[in-house]
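For reference, the structure is listed below as structure tokens.
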Amino acid sequence: MDILKVKNLKKIYHTKKNEFLAVDNFSFNLKEGEFVAIVGPSGCGKSTILSILCGLDEASNGQVDYNPKLKFGYMLQGDNLFEWRTIYKNCLLGLEIQNNLENKKYVDKLLKTYGLWEFKDTHPSHLSGGMRQRVSLIRTLATKPDILFLDEPFSALDYQTRLAVSDDVYKIIKKEGKSAIMVTHDISEAISMADRVIVLSNRPSKIKHIYNINLENKSTPIENRKDKNFAHYYDLIWKDIDYHV
Ligand code: ADP
Ligand code: MG
């Protein structure tokens, strides 16, 4: 079942001197439980698309349709944790904003399940990058969103941590049964995590290709990187993207 339908999105930015087309003719449908990655070069319009999809920004044209009962959650670049709040208070932030502390028990459960309960009264600076990212995800999950929007969530982490954390985040998203749209400029990250990869052109971003990622043994992101078909998709997507050096 399609839970999000995106049709002909267009975004024109108006600056003091002129206007320019950032996104053109962007359409796709998200299925329930699906993980879709959007890849493209820096500055091509990925964050713009994601902000429009999750309602933080308005499209100049086009439609985004979904059941208004659906709840959205975002995890943007970096972990955005507040240093002056404890881990627990960081996780409750979304619930406080919504004045909905009924989900507190769910936060407790998430912190316990994902190994953070004993750190709940400490501050973010005491945690590793990977643990911070997990806190950030729990904060996002606290409001029980149906669709998660992730904008380059691992870009602040070093390479090794990034592999481990993307594996971790992926498992949590799947275990909690969420649908997700993730934006990234990292081709390997996209193939290793997503069911489908949407490849964007340079600005104004248009869809170049949409790939269904069919691996021999679909597993977790780290294992998927070793799959026989991984390199095949990497080659295809690499050729699609016009990297300027
Ligand atoms: P990406 O996330 O793929 O790196 P963005 O969506 O952030 O790209 O940006 C796409 C283009 O739109 C860039 O050229 C950027 O400078 C421009 N842009 C982004 N936000 C604004 C804004 N609020 N006003 C004007 N231009 C913007
Ligand atoms: Mg961006």
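The values are calculated or read from the model by the stated rules, or taken from the named source; none is laboratory data. These numbers were taken from a predicted model, which means no experiment stands behind them. Glycine also receives a Cβ, built like all others from the backbone with ideal geometry; neighbour counts cover every protein chain displayed. Calculation scope for accessible area: heavy atoms of the full protein, side chains included, ligands and nucleic acids excluded. Shrake-Rupley method; radii C 1.70, N 1.55, O 1.52, S 1.80 Å.
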Next item on the list: Percent of Cα-Cα pairs per 5 Å bin, from 0 to the last occupied bin, for the chain, please list those.
Entry: 1, 6, 13, 17, 19, 16, 13, 9, 5, 1, 0
Note to self: Once neighbouring chains are kept in place and the probe is 1.4 Å, which whole percent of the accessible area of the chain is contributed by carbon and sulfur?
What the structure shows: 48 percent
Notebook entry, point to check: Check MET75: other-chain or 5+ apart residues with amide H under 5 Å from its amide H, H built from backbone geometry?
Noted result: PHE149, LEU150, ASP151
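Given that compact globular proteins tend to follow 2.2 N^0.38 Å, what is the ratio of the alpha-carbon Rg of the stretch 113-159 to that value?
Dividing the Cα Rg of the stretch 113-159 by 2.2 N^0.38 Å gives 1.23.
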Checklist line | Cα Rg, Dmax (largest Cα-Cα span) when computed across the stretch 36-154, Å | finding: 15.5, 48
Check: Once the dipole of the chain is set up with Lys and Arg at +1 and Asp and Glu at -1 on Cβ about the Cα centre, which of LEU4, LEU116, ASN100 lies farthest towards its positive end?
Finding: ASN100
Next item on the list: Quick one: what are the phi-derived ³J(HN,Hα) couplings along the stretch 187-200, Karplus 6.51/-1.76/1.60 with θ = phi - 60°, whole Hz, x for glycine and proline?
Entry: 4, 4, 4, 4, 5, 6, 9, 9, 7, 9, 10, 9, 9, 9
Checklist line | Eligible lysines near LYS226 by straight Cα distance, threshold 21 Å, same-chain separation 8 or greater | finding: LYS171, LYS174, LYS218, LYS239
Note to self: I'd like the FRET efficiency for GLU83 and LYS175, computed as 1/(1 + (r/R0)^6) with the beta carbon distance as r and R0 of 30 Å, rounded to 0.05.
What the structure shows: 0.55
Notebook entry, point to check: For the pair LYS17 and GLU58, what calculated FRET efficiency results from E = 1/(1 + (r/R0)^6), where r is the Cβ-Cβ distance and R0 = 25 Å, to the nearest 0.05?
Noted result: 0.70
Checklist line | Anisotropy class of the stretch 116-245 from Cα gyration tensor, a/c 1.5 cut | finding: prolate
Next item on the list: On each of the three principal axes of the Cα atoms of the stretch 1-101, give max minus min coordinate, whole Å, ordered largest first.
Entry: 43, 40, 25
Check: So what does ARG132 come to for accessible area, using a 1.4 Å probe and Å² rounded to 10?
Finding: 40 Å²
Notebook entry, point to check: Can you give the relative contact order of the chain as a percent, counting alpha carbon pairs under 8 Å and 6+ residues apart?
Noted result: 26 percent
Next item on the list: Leaving ligands, DNA and RNA out of it, work out the accessible area of ASP186 with a 1.4 Å probe and give it in Å² to the nearest 10.
Entry: 40 Å²
Next item on the list: Could you list, in their original order, any pairs among LYS10/LYS31; LYS17/LYS208; LYS7/LYS69 whose Cα atoms are separated by more than 24 Å?
Entry: LYS17/LYS208
Item checked: Helical mean residue ellipticity (222 nm; -39500 (n - 2.57) per DSSP H run of 4+; nearest 500) of the chain -> -9000 deg cm²/dmol
